[in-house]
Every structure is written in structure tokens, then in C-alpha cells.
1. Please state which one of ASN44, ASN36 is open to solvent by 60 Å² or more (accessible area, probe 1.4 Å) and either touching a Gly at 6+ places or on another chain (Cβ under 9 Å) or of a type in the set (Asp, Glu) (or both).
2. Got a sec? Which of ALA34, ALA127, ALA86 is closer than 30 Å to TYR10 by Cα and either out of contact with any His (no Cβ under 8 Å at 6 or more places or on another chain) or among the acidic types (Asp, Glu) (or both)?
3. Any chance you could count how many residues in segment 43-68 are among the acidic types (Asp, Glu), farther than 20 Å from VAL21 by Cβ and in contact with a helix residue (DSSP H, G or I) (Cβ under 9 Å, 6 or more places away or on another chain)?
4. Looking for something in contact with a Phe, Trp or Tyr (Cβ under 9 Å, 6 or more places away or on another chain), modelled with pLDDT of 85 or more and open to solvent by 50 Å² or more (accessible area, probe 1.4 Å) - is there at least one such residue anywhere in segment 10-22?
5. Out of all the residues in segment 42-69, which are under 17 Å from LEU81 (Cα atoms) and among the β-branched types (Val, Ile, Thr)?
6. Tell me, which strands (runs of 3 or more DSSP E) lie completely within segment 1-102 with 2 or more residues that are in contact with a strand residue (DSSP E or B) (Cβ under 6 Å, 6 or more places away or on another chain)?
7. Go through segment 76-107 and give me each residue that's open to solvent by less than 70 Å² (accessible area, probe 1.4 Å), within 25 Å of LEU41 (Cα to Cα) and not aliphatic (A, V, I, L, M).
8. Has segment 59-68 got any residue that is open to solvent by 60 Å² or more (accessible area, probe 1.4 Å), modelled with pLDDT under 90 and within 19 Å of the chain's Cα centre (by Cα)?
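The values are calculated or read from the model by the stated rules, or taken from the named source; none is laboratory data. Please read these numbers as outputs of a predicted model, since none were measured by experiment. Cβ sites come from the backbone with ideal geometry, for glycine too, and all protein chains shown count toward neighbours. Calculation scope for accessible area: heavy atoms of the full protein, side chains included, ligands and nucleic acids excluded. Shrake-Rupley method; radii C 1.70, N 1.55, O 1.52, S 1.80 Å.
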Amino acid sequence: RRVLFRSASYRIDPDPRSHHVYKGTLKNGVITVASNEDLRLVKNFLTDPELMLHKAHFRIHLKPDGSIDGFMAGYQPWRDLYFGFAAGGPGTEFCIIGDVPGIYYLLKKHADADPDPKTGQNTNISATYYFEAVPAFVVAGDKLASSN
């Protein structure tokens, strides 16, 4: 069971990789965005530094209690996904995953977008992520620092 913290306060990350504006449509409580732009989000620098989705698409359901859930999809560099599995080295392979080389060849084989001009190997793979969110208070970092 996931715990979502309602009415919490969060500081805005000033990194421009986590700020995006998209145009979409709202119909029957569903926001739909079909974009040819990239989505870049800063993540965990040790295992999965950045989420990059080319040609990002979103379907977001607005719920009566103010929460949302939905899907974001696009084409993700498959080597970025592989890094998340392989960065832990032998300890991760032996204790958690079991077959890091197999994951490498699986991602490479099923990559389905943006071929490299020299090799013809696709550099991106289709990816879809599910998300949930609840209302929160957002405070600019400089305002938060000045209120202390």
C-alpha cells in the first residue's frame, strides 16, 4: 500500500530539466497531451540520473478529491534504462537482478525508435509510466529560505 502525503509542502527544484509546459485538452475530467517535445526529469543520480522521454504523451485523470493519476509515455533511451540495472555492479546482479547482460540484449533487441545513422541500431525504446499525485503546497526555494 502506497502512502501519498496530502497537503505537504514541497520546494520547487530550480533545475530547468524538471520544468515543463505542455498544451493539452480537457474533456470529461481527463487531460490529454500529445506532444512532440521531450520530457526530462531529474531522478536518482546514483542509479537512474534522469528520465528522458522523447515525444512525450500524457493522459491524466482528475479525481473529485483533488488527486490525479495517469500515464506518461514516449520513447526513452534504452541505454539509460540499462544503466539503472547495471550501475550497481556485481552485487546488484547477484542479489537482485540475476542477468544484467540479458537485460542489455533485451533492451537493445526491442528498441523501436530513432535509429543511429551509422549503425542503424535503434537508440530509444517505447516506455509508459503510471503515476499518482495528491494536492500539495509548492513554495519557491528563495521564498522558503527567506522565511526562516
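1. Working: ASN36 fails: either touching a Gly at 6+ places or on another chain (Cβ under 9 Å) or of a type in the set (Asp, Glu) (or both).
Selected residue: ASN44, the only one of ASN44, ASN36 that is open to solvent by 60 Å² or more (accessible area, probe 1.4 Å) and either touching a Gly at 6+ places or on another chain (Cβ under 9 Å) or of a type in the set (Asp, Glu) (or both).
2. Details: ALA34 fails: either out of contact with any His (no Cβ under 8 Å at 6 or more places or on another chain) or among the acidic types (Asp, Glu) (or both); ALA86 fails: closer than 30 Å to TYR10 by Cα.
Answer to the check: ALA127.
3. Going through segment 43-68, the residues among the acidic types (Asp, Glu) turn out to be 48, 50, 65.
With farther than 20 Å from VAL21 by Cβ added as a condition, the list becomes 48, 65.
Narrowing the set further to residues that are in contact with a helix residue (DSSP H, G or I) (Cβ under 9 Å, 6 or more places away or on another chain) leaves 48.
So the count comes out to 1.
4. Applying the first criterion (in contact with a Phe, Trp or Tyr (Cβ under 9 Å, 6 or more places away or on another chain)) to segment 10-22 yields 10, 22.
When the remaining residues are screened for being modelled with pLDDT of 85 or more, the result is 22.
With the extra rule that they be open to solvent by 50 Å² or more (accessible area, probe 1.4 Å), the set shrinks to 22.
Yes, segment 10-22 has at least one match.
5. Matches in segment 42-69: VAL42, THR47.
6. Values: elements: 9-11, 25-27, 30-34, 39-44, 48-62, 68-77.
Passing ranges, in order: 9-11, 30-34, 39-44, 48-62, 68-77.
7. Correct list: GLN76, PRO77, TRP78, ASP80, TYR82, GLY84, GLY88, GLY89, THR92, TYR104.
8. Of segment 59-68, the ones open to solvent by 60 Å² or more (accessible area, probe 1.4 Å) are 59, 61-65.
If we keep only those that are modelled with pLDDT under 90 too, we end up with none.
No: zero hits.
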